[in-house]
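Structure first, commentary second.
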Amino acid sequence: MSTLEIKNLHVSVETNDGPKPILRGVDLTISSGEIHAIMGPNGSGKSTLAYSIAGHPKYTVTDGEVLLDGENVLEMSVDERARAGMFLAMQYPVEVPGVTVSNFLRTARTAISGEAPALRKWVGDVKDAMTKLRMDPEFAQRDVNHGFSGGEKKRHEILQMELLAPKFAILDETDSGLDVDALRVVSEGVNRVHAATGLGVMLITHYTRILNYIKPDFVHVFVDGRIAEQGGPELAERLEAEGYDRFLTPAV
């Protein structure tokens with residue numbers, strides 16, 4: 001059993017007018033096997049939360065801690081966070097020309113485990129995972145995300161998650177830009193890894209449609225850099241019906 005604890009997290013970003021606070025005291029605990037949906041309007045700080053945990057240099061943590069099994073990941077380098085068991089599926093996966101998917105995946109697996117996986121088994125594992133995600137085997141020889149469609153990039157993110165088997169996965173708007181078929185395949189991949197490994201999931205999304213496929217244990221409404229409300233799956237249903245107006249409109 002592992003635990004990811006976010007304690008009083010404050011984060012700012014540098015602007016032309018000086019530092020701008022984005023996160024204003026976030027408290028959240030995720031345990032192994034749990035799926036937490038982070039929902040909220042645009043500009044509420046959801047992606048800032050994801051990238052701050054992952055170690056993006058654009059964001060400055062001004063207060064708080066992020067503890068993975070008691071160790072403060074904010075004191076770790078980005079690669080140390082990955083080796084400790086953190087995984088980020090990006091909203092906009094970057095293209096890496098000159099590096100094939102095959103080489104990228106095996107290098108990442110080697111870095112995390114400390115030794116290269118046995119080649120024959122590894123090739124079989126990659127092919128099996130790609131088949132389940134309905135990815136053409138030829139993708140393994142293409143450059144990472146180069147020329148990939150939006151759906152192909154998102155499938156590749158889930159392929160990485162399945163092969164790297166992290167303790168905790170942060171999925172930043174994985175449903176963004178996906179058609180119905182791709183959304184179902186990607187969601188099935190997340191559910192498959194969750195069932196097989198018991199990883200904890202932080203699922204960031206605007207909409208409830210992905211929650212029809214990936215069932216959250218907890219739902220947190222994120223507004224103005226804070227968690228404004230939290231509950232179970234029924235909270236997502238209420239958001240679907242009412243939207244975020246009650247969190248954004250000042251009381252009269």
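The values are calculated or read from the model by the stated rules, or taken from the named source; none is laboratory data. Everything quoted here is computed from the prediction, not taken from an experiment. Note: ideal-geometry Cβ built from the backbone for every residue, glycine included; neighbour counts use all protein chains shown. SASA here: full protein model, heavy atoms, side chains in, ligands and nucleic acids out. Shrake-Rupley method; radii C 1.70, N 1.55, O 1.52, S 1.80 Å.
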Solvent-accessible heavy-atom area per residue, rounded to whole Å², over the chain at 1.4 Å: 48 Å²
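With +1 assigned to the C-beta of every Lys and Arg and -1 to the C-beta of every Asp and Glu, and no other charges, what is the dipole magnitude of the chain about the Cα centre in debye, to the nearest 20?
I would put it at about 580 debye.
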In what order, largest first, do Met90, Met135 sit by accessible area if the probe radius is 1.4 Å? Met90, Met135
With every protein chain left in place and a probe of 1.4 Å, what is the accessible surface of Asp181, to the nearest 10 Å²? 90 Å²
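Rank these by accessible area, largest first, 1.4 Å probe: Glu71, Glu95. Intermediate values should be presented prior to the final figure.
Working: Glu71 110, Glu95 85 Å².
If we order Glu71, Glu95 from most to least accessible, we get Glu71, Glu95.
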Apply the Karplus parameterisation 6.51 cos²θ - 1.76 cosθ + 1.60, with θ equal to phi minus 60°, to every residue of the stretch 104-118 and state each ³J(HN,Hα) to the nearest whole Hz, in sequence, with x for glycine and proline. 4, 5, 5, 5, 5, 5, 5, 5, 6, 8, x, 8, 5, x, 4
Solvent-accessible ranking of Met1, Met202, largest area first, probe 1.4 Å: Met1, Met202
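Quick one: compute the contact order of the stretch 37-179, relative version, from alpha carbon pairs under 8 angstrom and 6+ residues apart, as a percent.
On the way: 148 pairs, mean separation 44.5, N = 143.
Averaging sequence separation for qualifying contacts and normalising by length gives 31 percent for the stretch 37-179.
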Cα convex hull of the chain - mean projected area over all directions, nm²: 14.6 nm²
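Using only DSSP helix segments of four residues or longer, with each worth -39500 (n - 2.57), what per-residue ellipticity at 222 nm results for the chain after dividing by its residue count and rounding to 500?
Numbers: 8 runs with 90 residues, N = 252.
Helices in the chain give a 222 nm mean residue ellipticity of -11000 deg cm²/dmol.
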Given a cut-off of under 8 Å on Cα pairs at least six residues apart, what relative contact order in percent is computed for the chain? 27 percent
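Could you give the length gained on full extension between Thr15 and Arg209, defined as 0.36 nm per residue of separation minus the Cα-Cα distance, in nm? Display every interim value, and only then the final one.
Numbers: separation 194, 0.36 × 194 = 69.84 nm, distance 3.40 nm.
Separation in residues times 0.36 nm, less the Cα-Cα distance, equals 66.4 nm.
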Could you run the Debye sum over the Cα atoms of the stretch 1-76, one equal point scatterer each and no solvent, and tell me log10 of I(q)/I(0) at q = 0.18, 0.20, 0.26 Å⁻¹, two decimals? -0.73, -0.88, -1.35
How much of the DSSP bridge set in the chain is antiparallel, in percent, rounded to the nearest 5? 60 percent
Ignoring ligands, DNA and RNA, what percent of the accessible area of the chain is carbon or sulfur (1.4 Å)? 50 percent
Which of Ile158, Ile204, Ile214 moves most in a GNM of the chain, Cα contacts under 10 Å? Ile214
What accessible surface, in Å², does a 1.4 Å probe find on Arg209, ignoring ligands, DNA and RNA and rounding to the nearest 10? 80 Å²
Need one number: nm distance between label points at Val180 and Arg120, each 7 Å from Cα along Cα→Cβ, rounded to one decimal. 4.4 nm
